[in-house]
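What follows is a set of notes on a single structure, which appears directly below.
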There are 2 protein chains.
Amino acid sequence: MKPTDRPVTSRDVAKAAGVSQATVSAVLNGYSGNIRVSAATRERVLQVAQALGYAPNLAAQALRSEHTHLLALVVRAVQSHPYDQPIPYRLNEAASRAAYRSGYLLLAYHVEVYSSESPAKLVRHLRRQRVDGVLLDAPDCPELVQEVIAAGLRCVQLLRPQPAEGVPVVVVDPQPGIAAAIHHLVTLGHRHIGFVGLESDHPVDRARQRAFFSAMRTEGLEVDQKAIQLVPSYALESGYFAMQRLLDLRAPVTALLASADALTLGILRLLYERGIRVPQQISIVSYDDAFVAHLYPPISAIAQPYEAIAERAVSLLIPVQGENREAFASARVVLPSAFKPRASTAPPIGR
Amino acid sequence: MKPTDRPVTSRDVAKAAGVSQATVSAVLNGYSGNIRVSAATRERVLQVAQALGYAPNLAAQALRSEHTHLLALVVRAVQSHPYDQPIPYRLNEAASRAAYRSGYLLLAYHVEVYSSESPAKLVRHLRRQRVDGVLLDAPDCPELVQEVIAAGLRCVQLLRPQPAEGVPVVVVDPQPGIAAAIHHLVTLGHRHIGFVGLESDHPVDRARQRAFFSAMRTEGLEVDQKAIQLVPSYALESGYFAMQRLLDLRAPVTALLASADALTLGILRLLYERGIRVPQQISIVSYDDAFVAHLYPPISAIAQPYEAIAERAVSLLIPVQGENREAFASARVVLPSAFKPRASTAPPIGR
DNA sequence: CTGAAAGCGCTAACAC
DNA sequence: GTGTTAGCGCTTTCAG
């Protein structure tokens, strides 16, 4: 099997099969160019390669062919407990599989923080590695994107893009999910529905808010301004305090839409502490659906299609025959959200 | 900055700095061998490299130096919902960071299933990629480990090792955590404590069971055999049915130790459905602590030190100067578990 | 249909 | 101190 410790090379295969090394290469790569190999030779080469346990050296291939079959996933800073940020995990897994299926491999960069120094360092890494493409997961910092572009790296932004020319984007439209969620609540009998969102100018956050307002309008409901809580971050604490304010203000909501799973966690914690039961006393819907399906009660949520996001991003990055540069640069994939009713929503009290 | 589209090479740097290409290499690698570079030249080279935005081609380096600075994390099959398997995520992140800190990069292989065909294919990938080391996360299938070893890959097994010669191992000792958990329950007043474990011969599962029995003995408590539920898998469903049996058997436990987070999820689901409250009517402790801290109520749990596991594994894999092959092969790192009391444990009813 | 040869960017031994 | 040189394993023309 393995005659020596040194990995077997294509030359070894050639020698053993009694052909030239170039022929081996041709056979293994589906002989491009004007090279033609007889079926018999082909068979023999394949067999010998198999027998010798030949594995082409990707470093050499990369050196020669200028592409590494490596994709990088750059994951935004994970602040506190890792499990506060499960989205990158879903993305990572899905992207990793999608890449693998296409003969690519995924390098995961869990960048500590996007400090001022860090983006440059990261980009240096990426360039040294000669990755063929970069998936930028919600790059909160504009410089990162700028650096990546400036380095001439082929990349795509996911979920929460920074404004940038020439970088395709894969995002989610919150509208269908939120509309369905509000409709579901209204059907259950809710009239006073609150919203906890991020205080932000980012189109992604604005879109969630807008979708909420427009859904309310569609259902013919008024929005109580006091029932709209804008928080400074998508974090457990923010949800916790938002819920506190909602309760202290006696904003009479019977149902609540939290615009991120992390917020839901905080909301649930406060409700738990105050002994307020879900869904008996208040209905909760979460946006993201990264993991709230596993809480008790399982939380009704608006799901983002993480697997699809990763897949689309990967296939954008993998160059196709005769690809149009313009088309790539301006690609903008918008995937729909979807509402998943579960056990955290029920008719309001007194019905 | 970037005069042309072609990445700048060390030769470009050499030309621009007016030195030979070898000198550039020497400077950038801390000039090994008998080569000496004057401080002035050194400075100049560094500056030119910086100015040109030079990034060494790792493929070329790898080709030459026979090591790629790439580590692979092979993650066991993820069956159902990704979030049922959060441990790989914790490991992945921690390993990725640890590797990055040491100048290595982590390739994540989320292998669909360890089917009969798959291990060979995976190993082929690993060999093509010429990874410097492989972290095997709980390789449930012995062939995988055998193949990896047979391929001459440097590897370490994590958490749930297969018996194999010459492969170091990083595992967790459940004893300290379980002892502390039982002691905690006893202190609260519990006498009837149940256990949901895996029906298995694997040392890791046996150790959890043994730790439970020995802790009970230490506390001077008898174990009710009916309160020991052995299930066929660490899965939500298994926990669900085990709890069902416990309830139907009227095994009068006031507290329960579930030997995996996944089981806890199932247990909680049944309790939720039956309207049995935690911790008022039953106390729950979970083993793993991969994510149950975020449930409501937050679950008291025996934590495995995932970050430490990944770090130790990575540093085992990274070869050190003058390393002892024997010592590497027989390394066996055992990390302690720790109990984290949270809100799912309380005095039993009637106290 | 197959072989010979050049060279990708880098490291390291050796010559000056 | 610094330059020259020989490959690492592969792809890809170009001759035969």
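The values are calculated or read from the model by the stated rules, or taken from the named source; none is laboratory data. Note that the coordinates shown come from a computational prediction; the quantities given were computed from them, not determined experimentally. Heads up, the Cβs are rebuilt from the backbone with ideal geometry, glycines too, and the neighbour counts pull from every protein chain shown. In case anyone asks, the SASA skips ligands and DNA or RNA and just uses the protein heavy atoms, side chains included. Shrake-Rupley method; radii C 1.70, N 1.55, O 1.52, S 1.80 Å.
Of note:
- Computed per residue of chain B from DSSP H runs no shorter than four, each worth -39500 (n - 2.57), the mean residue ellipticity at 222 nm is -13000 deg cm²/dmol.
- Unit charges at the beta carbon, dipole of the protein assembly as shown: most positive-side option, A:PRO139, B:TYR272, B:SER286: A:PRO139
- Calculated FRET efficiency, A:ALA60 to A:GLN225, Cβ-Cβ distance, R0 = 45 Å: about 0.10 to the nearest 0.05.
- Counting DSSP beta bridges with both ends in chain B, the antiparallel % (nearest 5): 10 percent
- At most 16 other Cβ within 10 Å, DSSP loop - trypsin sites (Lys or Arg not before Pro), the stretch B:163-227: B:ARG191
- Ascending distances from the B:ARG277 label point to its copies in the other chains, with the point 7 Å along the Cα-to-beta-carbon line: 0.8 nm.
- Protein heavy-atom surface of chain A, 1.4 angstrom probe: 51% of the accessible area is carbon and sulfur, with nucleic acids and ligands not counted.
- Size check on the protein assembly as shown: the Cα extents along the three principal axes, sorted descending, read 81, 62, 59 Å.
- Buried accessible surface for the B/A chain pair comes to about 6100 Å², total over both chains, computed with a 1.4 Å probe.
- Between copies, the label points of B:GLY166, set 7 Å from Cα on the Cα→Cβ line, lie 5.1 nm apart, reported in increasing order to one decimal in nanometres.
- Percent of Cα-Cα distances greater than 16 Å, calculated over the stretch B:238-298: 35 percent
- Where only C-alpha atoms are counted, convex hull volume of the stretch A:173-304 per residue in Å³: 93 Å³
- Dividing the Cα radius of gyration of the stretch A:10-55 by its Kirkwood radius returns 0.92 for Rg/Rh.
- For the stretch B:129-146, a reduction of at least 10 Å² in accessible area between the chain on its own and the assembled protein chains (probe 1.4 Å) is found at B:GLN129, B:ARG130.
- Taking all protein chains as shown and a probe of 1.4 angstrom, A:ASP173 keeps an accessible surface of around 60 Å².
- Residues B:PHE339, A:PHE212, sorted by accessible area with the largest first, give B:PHE339, A:PHE212 [1.4 Å probe; ligands and nucleic acids excluded].
- Under 17 Å from a label point set 7 Å out along the Cα-to-Cβ vector of A:THR218, the amide N atoms of the stretch A:294-322 belong to A:301-304.
- One compactness figure for chain B is 1.28, namely its Cα radius of gyration divided by 2.2 N^0.38 Å.
- For the protein assembly as shown, the number of Lys pairs separated by eight or more positions or lying on different chains, with C-alpha atoms closer than 22 Å, is 4.
- In the context of the full set of protein chains, the protein assembly as shown has a per residue accessible area of 44 Å² (1.4 Å probe).
- Between copies, A:SER330 shows label-point distances of 6.8 nm, shortest first, with the point placed 7 angstrom from Cα along Cα to C-beta.
- Positive contributions from Lys and Arg (+1) and negative ones from Asp and Glu (-1), summed over other residues with Cβ under 13 Å from the Cβ of A:GLY275, come out at +3.
- Heavy atoms of B:CYS141 accessible to a 1.4 Å probe, total area in Å² rounded to 10: 20 Å²
- Rel. contact order, % - alpha carbon contacts under 8 angstrom, at least six apart, the stretch B:173-304: 24 percent
- For chain A: relative contact order, % (alpha-carbon pairs under 8 angstrom, 6 or more apart): 17 percent
- Taking Cβ atoms as reference points and 11 Å as the exclusive limit, the residues near B:GLU311 contribute a net charge of +2, counting Lys and Arg as +1 and Asp and Glu as -1.
- Modelled FRET efficiency - R0 51 Å, A:SER20 with B:ALA39, Cβ distances, 0.05 increments: 0.55
- Gain upon complete extension [B:GLU143, B:ARG191; 0.36 nm per residue less C-alpha separation]: 12.9 nm
- Excluding exposed DSSP-loop GluC sites (Glu not before Pro) (at most 14 other C-beta within 10 Å), longest clean stretch of chain A: A:223-322
- Residue-level accessible surface for A:ILE87, protein heavy atoms, 1.4 Å, Å²: 20 Å²
- Charge dipole magnitude, Cβ of K and R +1, D and E -1 - the stretch A:173-304, Cα centre, debye nearest 20: 360 debye
- Heavy-atom SASA rank of B:TYR296, B:TYR100 (probe 1.4 Å, accessible area, largest first): B:TYR100, B:TYR296
- In this rough spin-label picture, where each label sits 7 Å from Cα along the Cβ direction, the A:SER233-B:ALA120 distance is 5.2 nm.
- Accessible area in the full protein assembly, largest first, 1.4 Å probe, for A:HIS190, B:HIS184: B:HIS184, A:HIS190
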